[in-house]
Structure formats: C-alpha cells, structure tokens
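Down below is the structure, laid out as structure tokens.
Bear in mind that the values in this text are calculations on the coordinates, not laboratory data. All values reported here derive from a predicted model rather than from experimental measurement. FYI the Cβ positions are ideal-geometry reconstructions off the backbone, even for glycines, and counts take in every protein chain you see.
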Amino acid sequence: MIKFQEIKKSFLVSLWFMFLTFPIMVIRVNPIEKIVEWRWKNMIIVGIGSFLLSFVWRYMLKKREAGEKRAETWESGKTSFMQRILEERRFYIPLVTGLTIIAVAFPFIFSMYQTSIMTTALMYIVLGLGLNIVVGLAGLLDLGYVAFYAVGAYSYALLNHHFGLGFWSALPIGAVLGFIFGILLGFPVLRLRGDYLAIVTLGFGEIIRLVLKNWNEFSFGPSGIANIDRPGFFGIQFSLQAATIYLYFLMIGLVIFTIIVVNRLQNSRIGRAWIALREDETACQAMGIDKTRTKLRAFALGATWAGMVGVIFAAKTTFINPASFTFLESAMILSIVVLGGMGSISGVIIGALILILLPEYLRAFSDYRVLIFGAIMVIMMVFRPQGIISNIRRTYKFNE
Amino acid sequence: MNTILEVKNLTMDFGGLRALDHLDLNVVEGEITAIIGPNGAGKTTFFNCITGIYNPNEGEILSSPPGKKRKKINGLKPNHVTKKGIARTFQNIRLFSNMTVLENVMIGRHCRTSSGIIGAILRGRSTIKEEKDVVDFSYNILKKTGISHLVNEFAKNLPYGAQRRLEIARAIATEPFLLLLDEPAAGMNPRETRELDELITRLRDEDNISILMIEHDMKLVMSLSDRIFVVDYGRKIAQGTPCDIINNPIVIKAYLGEDFDA
Amino acid sequence: MEYFLELVLGGLTRGSIYALIALGYTMVYGIIELINFAHGEIYMIGAFTALIFTSVLTLLGFNEIAVIVLASLLAVIYSSAYGYTVEKIVYKPLRHAPRLSPLISAIGMSIFLQNYVLLAQTSDFLPFPNLIPEFEFIKPYRYIISSPEIVILITTSTVMILLTFLIKFTRIGKAMRATAQDMNMAMLVGVNVNRVISITFVIGSALAALGGVLIASHVGQINFYIGFIAGIKAFTAAVLGGIGSIPGAVLGALILGLTESFATGYVSSDYEDVFAFGLLVLILIFRPAGILGRVTTKKV
C-alpha cells in the first residue's frame, strides 16, 4: 500500500516541476516574427512524469540506504553473478567461444553499414578502456580526453596529407604523440586536486579544438582535412568493402590487445599503486610512492590509447575537422565508463555497446542521446556509482 | 654509538603559530627513543617535518643510515624520505581500507621494487619473479607482526589492535633503518599493549630497526625506551633516560603533573 | 587614449558580469568544497527565462519598464529554483560519497540541462532584445561608454555591496560563514547545514541569473551553449581571485575582464576564449590558491 503521505509528497514534487519547467517546456517564442507558441501538453507530461518518477526516486534512495547499511554489517565475500561467470571455467569457456564466433562471423552476416557501425562501437570500447585507466583505475577525472584523440587523428591526417605517410607508420606515431601530450599536460596539473584537474583538462580540450579551428596554416581550419588514406596491407590498397572489413578486424584485434593490457596493468605493481593512491594519497607517499609520477603514468597511458584510436578514426572516416572533437565526445566516453562501471573491463565494453549501438537502431533514442548521457551520469552516481557491472577487483590471495 | 638522525634547531610556523621552536633531537642507532609531551605540544608536527609532509621554516634534519653518508633530508618529498629508509605510522590510522591486509603490505614494497608499465604489460619472467618475491616478503612480515592469519581480510574489517599492527607491518615493508611510530598503543587494551611492547623490542633486536615513537602510555614508554625527549609548546624541555625523566622536576611540573605526584 | 579608455570600461563591464557568476562558484565552493559544474547552465537558463518572458509580456501589452522589471525578476526566481533543485538532485544524495561522484553527477546535470533547453527550445541563436534604454546624458561620451555598460556597472556594484552586507551582518550570513569554516562544528552548534547549503545555491543562482540577463541584453543574442564558456570563464575568475573568497572572486573577475578586453583589442579576437583558458591553466599551475586565497597547509 502506498501511503497518503507518499502521494502527497509526489504530488508536491510534480507541482514543483510543472512550475520549474513552465517557461522552457511550455512557452516557445520566436522573437523575430513575434509569435509565442503555448505547449500546454508538455506541462501535463512533466506533471505526470515527475509524479511517477518521484516515487521511483524515493524508492531507489531507500534501497540505496538499506544497501549501505547491509554493506556495513555484512562483510564482503559474496561473489556477484558476473564474477562467477568470469571465474568458473564451465561458464567462461563457452562464453568466450560464443563471442569469438559472433565477432568473426559478424561482417560476413551483416551489411557493410552494420559492420561500419560495429567498428565505431569497437573504437569507443577502446576509448572507454583507455579513459578507464585514468578515471577508473587511477581515479583522475579527465574531461579533455578528446584532446588526445584529436592529437592522434590530426597527426595521421597531416602526415598523410603532407608526406603521404601510411596508416601503419602513423599508428605508433599517433600513440607516441598522445603519450607526449599526456605527459606535457599531466606534469603541471597532476599536482592539483581532483576537481581542478577536471576543469583544467576540460579547458585544455577546448584550447586544442580552438587552435585546430583557428590556425588555418597548420590544420586547415574548420574545413578540416579530406581524402585521408584508408589503411592498407603492405602497400595493397583495398576496395571500400574490403577496407571496412579490414578495419573491423583491426579494431577487434586492438580491443583484445587493450583488454589484455588493462587487465595486466590492473594486477601489477603500478595498478596496486593506483588503487592505493585513490584510497589515501598521504599514506601512499609515506609508503614511498611518487604521487605525481604514478598519476602521470595513468594519465599518459590513457592519452596513448586515445592517440591510437584517433589515427584509426581518421583512417576510417577519411575526413576530419575540429567539429569531431568537442567536449561532447569526452562526455560520451565518460558516460560509457560511468555507465559500465569505473574500473570494470566488461562493464566498459557493455556500456560502449549500449551507448553507441542503441541510438543507431532506435531513432527515438537518438534525438535524446546527449540528454540521456547527462542523465546517466547523474543517475549512476546517485544510485549505482559502481556501474552496471561493478568492478570486483581480483585481490591478492595468499595460499600456502 | 652512532647517531642516525640529527635534528638541529627545527622551527615550524603555521601562520602566526609556532608549532616547533628551535627543537634539537638525536636518535642513536639501535635505540628506542620516545617523545612525550602534552597534546598539542607539536609532536606529530615534528614527525611530519621529518617525513617530508611539512617543510620546516628553519633548522636541519640530517639522516645517516648505518654504513652510509650523512645527508640533509629536510625539504625532500615524503616518498623520497621513505626511500632513504625512514618509515612511519600514523596516529589516526591511515590504512588502504578497501585493500586486503596482504595488499597493504605489498604497497610498502613499492619503493623497493621497480617493474614499470612495460614490465606489467609484457609480464616477463623478471616481473613475475618480482611479484612473487613481493608476496612472499609481505607474508613474512605479516608473520613477524603476528597478523598472518588475517592475510586475506580487507583492512577495514580488522579489529583495532590489528589495524595498528598492520600500520607497523606496512611501514617495515619499506625496509627502514629508522621507524617512526605515532602513538602505536593508542586505543589498545593492556594485553595488546604488552604484545606491542614485545613486537617493538623484536623489531629492534632482530631487524636492527631503530625506533622513534610518540606515545602517551607511560608504562610502555618507561619499559621500552632507552632515551626520552619531553616536548612542550614546541620546545624540548628535558631529555634523558626513563630514570632521569621520572625524577626531573621540570618534567613533573610541565607534563606529568598530577599523574605522578602521588 | 580614448580607445584605451573604451577597452578599460569594456573590460570592467565584462569583468563585473563574470563576477556575478563567479560569486556563485566561490560561495558554493566555500561551503561544500566542490565546484558546481552546473552553475554555467543556471546562468544560461536565467537568460532564456528572461528572453521568453520579455516576449510574452511585450505581446500581452505591458509597458517597457514593467517588462524589464518583471522579466528580470522572473529570471532570478526561476534560476534560483533551478539552483535549489540541482542541489537537491545532484549534491544532497552524494554528500558523503567520494569526491569523484558529485563531480561526475554535476557534469551530467550540466549536460542534461544544456540539452533540455536545446530540445525544448532551439539550437539556433535567438536575438535578445536590448532591455536597457539609451540615456540622454551619456550621448556625448558614447564612443567611450554605452548606456548598457553604465547600467551593468551600477547594478553589479550595488548587488555586491548588498551581498557583502548579507554575509557580514545577517543571521544567515553568519551561519554561512560558520558552515564554511567547519561544517561538522556548525552542525553541532545548531546550524541547519542543509538549509545553509540550499540558500547558498539559491543566492548563487540568483546572481548568475542577473548576470545572464545583463549580458544577454548587452551582447544581443543567446543560445543553449552560452553557459559552458561563461561558466569556465567565471570559474577562472573565481580561481584567479582565490576560490572561496568573495572579494577574491570580484577581483579575479575584473582582472579577467580587463585581460580579455586588452587581448582582443590589441592582439586578436580569434583566440578570445583561449586567453581565459590559458590564464586558468597558468594560475592553477603557479598559484592554485589564487591572489587573495590563503596557502593552507593540509593537516595530516
């Protein structure tokens, strides 16, 4: 039974939101033609929507509080469903085999268009995993991640345009440039507190984009660079169709490589230091860990991956301009990480697939795409900060 | 008698407040040295200056590890001080609470190991060996400190006394020649305190670690220490053996007061 | 010389508007030690609300003065309401969470609000009516200073004096200062901390809305994206002055306004926004405590 009190509360919330959204949702003005459009229907939608949502909100808050209490009294030790799948061989092996078959067969079953979309999703998986090193493992909020992506993309585009450099030579160059930019930016700002770091990286992302937009002699300004070569194979150039499939498999390879790398980093001396640093910086320093250097490693490593995917992006679209590298892009990658679960590899993969594929196939979703990115960040942080697949870190167990 | 830590004329100001006032102090190799004094006397500030968390306004801190040259260490970053062989524990326990006991100690090994990003990615033979050594070394330290039965527990789930022990375990994992303990017995019951007494003595006798500790438990201080420094208002007001201190009228007046009058 | 004067006054005008927005950042930071990433959006919503009500009220046949006063008032009310709601959704449930959580949720809220306005209104730039009439007495000096600039300077300085008064001498001001000093202690002596935080958000939002109305009518056009750049610039101003310090925010904002004015006037206007970002990065690297901020030693 829902109590009368609860209904009254929700009713008040609903009234409040009808009031709050009144000017923006209901009235639309056209100042040039002096027309005012009244959309009362929206007010009803907001009223009913917020009435219902406020029940859900309160229910979830209560559930969260109960969960927090349980976590305090109940010791950890319960393994989650995901963890069981990943640890028990009888689940694990069929799962991996199934995924491999799907991944290999995909481009031959589906159209070129689908394959191309899948390639994009794979790129975002790698970007997500790269940002995950910075945000999820080291706990540094980087809002300018797209800057390193742009560095990679422009380094291939420019090298290709001026010197005809091929994709395979540009890939390591993009990665190295990403790394160098990561160090250059990271070195001065990583001493700062977390929220300052967030805003400086945000500013830096914008500076890079503005420079690319305004420095015509260097970057060809807003019109961008066209006719970038697709990746070849020892000098062989492919047809459009073959190139699409080629890129798809290249991305599959990169995803696997990235998973291995992130997984190994997580369970290494450096990975341990990142986790400890997230817990207590002062204690870490007293244990002899160089705070700045350890953070810098995560930051530069994330940047390296962004640089690499940037090169692939330029090769895939064959055309780039500064408009591809806005803050929105950073926000999207961040919401992939937040949705999937900070620090969780499988979470980031699922997060990327949901956020990239859903808007492609559901038109209704695509109009509200960015709105939903924002909402996801808020909702996940409030109700499930560990993401849809919480990262249950493999801890070191000592067996004699 | 080798002096391994020499502090000369140390002064530290916070705004207008002088927390340490021209403090001099020496630690001798193989000894347990205690610093006592009322709350707010500047004892923890003193530790923070030695370990590089604060940069003192005046004075010198010289460290001479056994068999090595004397070096000035004030102004160094905390991680460098640790690397030079001076480790510490914290008064308000600062464990990595969401890591296991073993992992907490493994973090202490960080500065004595070297594998980097490339090593982690390639996971070659040397990296695997280093990891194994770290685990073994850490486990041995847990055995020594008497908490090896808790090895796979999360630090946050440990009872209070064990948390204090883990702080010590984590600090000695960095292989210090000098260990700074900030109120190691705070909040312990008499039995735990007795065990701590034994542990500290063992660390000195078996592992050759000299100890500098801040402690309020007078029984522990008197039974353990070879030398005591009394600090009040950031100044050293007395120094000597436990016997000297207990009979020193200045100390009785300034600090021990009522407790020891009777 | 006249060009120089024009740049100075232009810079002061700009700066005083940044100050209105920067105050919101600095006040919120002073209390909960977090950057309110959604603050720029509150300012944008203030500008939009003002635009919408100006058009509606004009069509309903109100006279000019009534339109100005009512539209500005509604903008302030609505922005305050938005600020209040944002705090309740984004910050209140996360008061004891790790720092990263409220940071991410506030960025999410900022993205959400931008797109909410984009979808419910338009992505185009909308012309914003010039609300401020041309004064007769200013005519001879028109090439140095315009009427809107005078109005902006007078309004902002009045508001800042009122704010100082509020914080220094009223009960709620005292409660705010107490909470900023030590939240737990304030709670123990009976300050309703949740209320203080709410009021801080409301005041900050109201100031931002005022800034929104003034700048929109000065610049003459708005869209859903104006909050992003304005937010970063105001934040720069707050950090420049020393975040948490109210006079610092004003000083920082004026310096930033003048810097931008001279940089665009004498160097180039292509990189207008780069100057602000560059300045931000430089301060954070060399003096993160800002001009008036105190360098504090962290207690361990």
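So for the pair residue A:386, residue A:368, with labels modelled 7 Å out along Cα→Cβ, what separation do we get in nm?
Spacing of the two 7 Å Cα→Cβ label points: 2.9 nm.
Across the Cα atoms of the stretch B:7-121, what radius of gyration and what greatest pairwise Cα-Cα distance (Dmax) are found, in Å?
My reading of the Cα-based Rg and Dmax gives 16.5, 51 Å.
Fewest Cβ neighbours within 10 Å first, please rank C:117, A:96 accordingly.
Details: C:117 23, A:96 10.
Ranking C:117, A:96 by Cβ neighbours within 10 Å, fewest first, gives A:96, C:117.
Over chain B, what is the mean sequence separation of C-alpha contacts under 8 Å (at least six apart), divided by residue count, expressed as relative contact order in percent?
26
Sort largest first and round to whole Å: the equivalent ellipsoid semi-axes of the protein assembly as shown, each the square root of five times a Cα gyration tensor eigenvalue.
Working: eigenvalues 519, 290, 155 Å².
Computed over the protein assembly as shown, the values are 51, 38, 28 Å.
How long are the three semi-axes of the equivalent ellipsoid for the stretch A:110-383, computed from the Cα gyration tensor as the root of 5 times each eigenvalue, in whole Å, largest first?
29, 22, 19
Provide the FRET efficiency to the nearest 0.05 for the residue C:272-residue B:29 pair, computing r from the beta carbons and using R0 = 60 Å.
For residue C:272 and residue B:29, the calculated efficiency is 0.40.
Which residue, A:219, A:276, A:257, has the largest displacement toward the positive end of the dipole of the stretch A:110-383 when charges sit on each Cβ (Lys, Arg +1; Asp, Glu -1)?
Toward the positive end, the furthest listed residue is A:276.
Given charges of +1 on the Cβ of Lys and Arg and -1 on the Cβ of Asp and Glu, with all other atoms neutral, how large is the dipole of the stretch A:4-74 about its Cα centre, in debye to the nearest 20?
Charge dipole, the stretch A:4-74, about its Cα centre: 140 debye, nearest 20.
Nearest 500 deg cm²/dmol is fine: what mean residue ellipticity at 222 nm does chain A get from its DSSP H runs of n ≥ 4 alone, each adding -39,500 (n - 2.57), divided by its residue count?
Rounded to the nearest 500, the figure is -24500 deg cm²/dmol.
Figure the gain on full extension for residue A:22 and residue A:109 (residue separation times 0.36 nm, minus the Cα-Cα span) and round it to one decimal in nm.
Extending this stretch completely gives an extra 26.4 nm.
Out of all DSSP beta bridges in the stretch B:112-262, what portion is antiparallel? Express it as a percent rounded to 5.
Within the stretch B:112-262, antiparallel bridges account for around 50 percent of the total.
Points 7 angstrom from Cα along the Cβ direction at residue A:218 and residue C:185: gap in nanometres?
4.9
For helix C:100-120, what angle does its Cα long axis make with the longest principal axis of chain C, in degrees from 0 to 90 and rounded to 10?
It is inclined by approximately 30 degrees.
Show which aspartates and glutamates lie in cross-link reach of residue B:253 when reach means a straight Cα distance below 16 angstrom and same-chain residues fewer than eight apart are skipped.
Within the straight-line cut-off, residue B:253 pairs with B:232, B:244, B:261.
Along the positive direction of the dipole of the stretch A:4-74 (beta-carbon charges: Lys, Arg +1; Asp, Glu -1; about the Cα centre), which of A:21, A:55, A:42 reaches farthest?
So the residue we want is A:55.
Using DSSP, restrict attention to beta bridges with both residues in the protein assembly as shown and report what percent are antiparallel, rounded to the nearest 5.
Bridges in the protein assembly as shown are about 65 percent antiparallel.
If I model a spin label at residue B:219 and residue A:237 as a point 7 Å from the Cα along the Cα→Cβ vector, what separation in nanometres do I get?
Taking the simple label geometry, residue B:219 and residue A:237 are separated by 8.8 nm.
Using Cα-Cα distances under 8 Å and only pairs 6 or more residues apart, what relative contact order does the stretch A:110-383 have, in percent?
Reported as a whole number, the value is 38 percent.
Compute the angle between helix C:272-286 and the longest alpha-carbon principal axis of chain C, please, reported from 0 to 90 degrees and rounded to the nearest 10.
On a 0 to 90 degree scale, this one is about 30.
Filter the cross-link list A:291/B:84; C:88/C:233; B:71/B:156; A:295/C:174; A:63/C:88 down to pairs whose alpha-carbon distance in this structure exceeds 28 Å.
B:71/B:156; A:295/C:174
Quote the relative contact order of the stretch C:217-289 in percent (integer), defining contacts as alpha-carbon pairs under 8 Å separated by 6+ residues.
It rounds to 29 percent for the stretch C:217-289.
Can you give the net charge of the other residues whose Cβ lies under 11 Å from the Cβ of residue C:129, counting K and R as +1 and D and E as -1?
Local net charge: 0.
What list do you get for C:233, B:84, A:62 if you sort them by fewest beta carbons within 10 Å?
Details: C:233 27, B:84 20, A:62 10.
Listing C:233, B:84, A:62 from fewest to most nearby Cβ atoms yields A:62, B:84, C:233.
If one computes the Cα centroid of the stretch C:34-69 and of the stretch C:80-109, what distance in Å separates the two points?
Comparing the Cα centres of the stretch C:34-69 and the stretch C:80-109, I get a distance of 24 Å.
Treating the beta-carbon of each Lys and Arg as +1 and of each Asp and Glu as -1, no other charges, what is the dipole magnitude of chain A about its Cα centre, to the nearest 20 debye? Can you show the working numbers first?
On the way: 37 positive and 22 negative charges, 208 e Å.
In total the dipole reaches around 1000 debye.
Relative to the longest principal axis of chain C, what angle (0 to 90°, nearest 10) does the C-alpha long axis of helix C:64-86 take?
Roughly 20 degrees, rounded to the nearest 10.
Which residue, C:179, A:285, A:232, has the largest displacement toward the positive end of the dipole of the protein assembly as shown when charges sit on each Cβ (Lys, Arg +1; Asp, Glu -1)?
Sorting the options by dipole projection puts first A:232.
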